[in-house]
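Q: First the structure, then my questions, so here it is.
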Amino acid sequence: MRATVVEFLGSNCDHDMIYFSKEVLKFKTEVVWYSERDLKNPDVVFLPGGFSYGDYLRPGAMASRTPIMESVIDFAKKGGFILGVCNGFQILCESELLPGALLRNKSLTFICDYVYLKAENCDSPYTKKINKILKIPIAHGDGNYFCKKETLKELKDEGRIAFKYVSPEGNIDEKWNFNGSLESTAGILSKNKRVLGMMPHPERACEKILGSDDGKLIIESLISFAENG
């Protein structure tokens, strides 16, 4: 597969994502700058984590108005696969490619820790091969997912909640919902389920030496879907 990683002013997980894509997944990987408009013909676009534009206004707000995001939005409208991680998730929400918003963590502090994820919908491109509880790290100050009641109902009815924070045993437990996200939501999908936004970092859980390689399952699911439907 061909992948494009988008870099913004303030991205700090871009090289993690490039390594994940190029060295672990063995994708043909292009890197494009926020001021460009050419995505270089990818199969999947990765929006990495970080603090684009210093999180001024709101996290992801300024990045969502950059030239490259016009191309990303067009790519999404044509059915392209997009994974936005952490700040990338925030950018997807600010771009209205995904609904809702990421608010300050309930603790009002930055949190860097491992979390456990359960795939809520195992019939999406990113989850079809996941049959276990995933151990993946988070690192954010604004990861508290929130949306309107009607939006949450729509997400649930359409199977668009991709991941929830759970205990190591797979149970919903507010103790393990570190940021206070609405109904422990850790990742959501677009209407066509080809755009995924999530706060946890799968690129930081791609090799055993990192403490977990569970993050690979998300992209291995995407590869399987792209090849077999």
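The values are calculated or read from the model by the stated rules, or taken from the named source; none is laboratory data. The model shown is predicted, which means the values in this text are computed figures rather than measured ones. Note: ideal-geometry Cβ built from the backbone for every residue, glycine included; neighbour counts use all protein chains shown.
Condition check ((1) within 23 Å of residue 81 (Cα to Cα); (2) outside any loop (DSSP other than H, G, I, E, B); (3) at pLDDT 95 or above; (4) within 17 Å of the chain's Cα centre (by Cα)) across all residues:
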{"site": "137", "(1), (2), (3), (4)": "yes, yes, yes, yes"}
{"site": "142", "(1), (2), (3), (4)": "no, no, yes, yes"}
{"site": "192", "(1), (2), (3), (4)": "yes, no, yes, yes"}
{"site": "218", "(1), (2), (3), (4)": "yes, yes, yes, yes"}
{"site": "225", "(1), (2), (3), (4)": "yes, yes, no, no"}
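Q: Which of the residues that make up region 76-126 are in contact with a strand residue (DSSP E or B) (Cβ under 6 Å, 6 or more places away or on another chain) and in a helix (DSSP H, G or I)?
A: 76, 87, 88, 89, 90, 91, 92, 93
Q: Scan region 4-31 and report the pairs whose first residue is touching a residue at least 24 places away in the same chain (Cβ under 8 Å) and farther than 17 Å from residue 59 by Cβ and whose second residue is assigned to a helix (DSSP H, G or I) and among the small types (Gly, Ala, Ser), with Cβ atoms within less than 7 Å and a gap of 6+ or a chain change.
A: Between residues of region 4-31 that are touching a residue at least 24 places away in the same chain (Cβ under 8 Å) and farther than 17 Å from residue 59 by Cβ and residues that are assigned to a helix (DSSP H, G or I) and among the small types (Gly, Ala, Ser), the close pairs are 5/21; 27/21; 29/21.
Q: For the subset of region 24-60 comprising residues that are assigned to a loop (DSSP other than H, G, I, E, B) and acidic (Asp, Glu), which member is surrounded by the fewest Cβ atoms within 10 Å (Cβ to Cβ)?
A: Keep residues of region 24-60 that are assigned to a loop (DSSP other than H, G, I, E, B), which gives 25-27, 34-43, 48-49, 51, 56-60.
Pick out the ones that are also acidic (Asp, Glu) and you get 36, 38, 43.
Details: 36: 15, 38: 10, 43: 15.
Of everything passing the filter in region 24-60, 38 is surrounded by the fewest Cβ atoms within 10 Å (Cβ to Cβ).
Q: Same structure, new question: Does residue 67 satisfy the condition of being at pLDDT 95 or above and farther than 23 Å from residue 223 by Cα?
A: Numbers: at pLDDT 95 or above: yes; farther than 23 Å from residue 223 by Cα: yes.
When the stated conditions are applied, residue 67 passes them.
Q: Inside region 105-119, can you point out the residues that are exposed (fewer than 15 other Cβ atoms within 10 Å of the Cβ) and farther than 12 Å from residue 135 by Cα?
A: Answer for region 105-119, where residues must be exposed (fewer than 15 other Cβ atoms within 10 Å of the Cβ) and farther than 12 Å from residue 135 by Cα: 107, 108, 109, 110, 112.
Q: Now, a different point. What number goes with the only condition from (1) outside any strand (DSSP E or B); (2) of a type in the set (Val, Ile, Thr); (3) in contact (Cβ under 8 Å) with a residue 24 or more places away in the chain that residue 209 does not pass?
A: Status for residue 209: all satisfied but (3).
Q: Has region 166-185 got any residue that is in contact (Cβ under 8 Å) with a residue 60 or more places away in the chain, on the phi > 0 side of the Ramachandran plot and surrounded by fewer than 22 Cβ atoms within 10 Å (Cβ to Cβ)?
A: yes
Q: Please indicate, with yes or no, whether at least one residue in region 67-85 is within 19 Å of residue 145 (Cα to Cα) and among the polar types (S, T, N, Q).
A: No: region 67-85 contains no residue that is within 19 Å of residue 145 (Cα to Cα) and among the polar types (S, T, N, Q).
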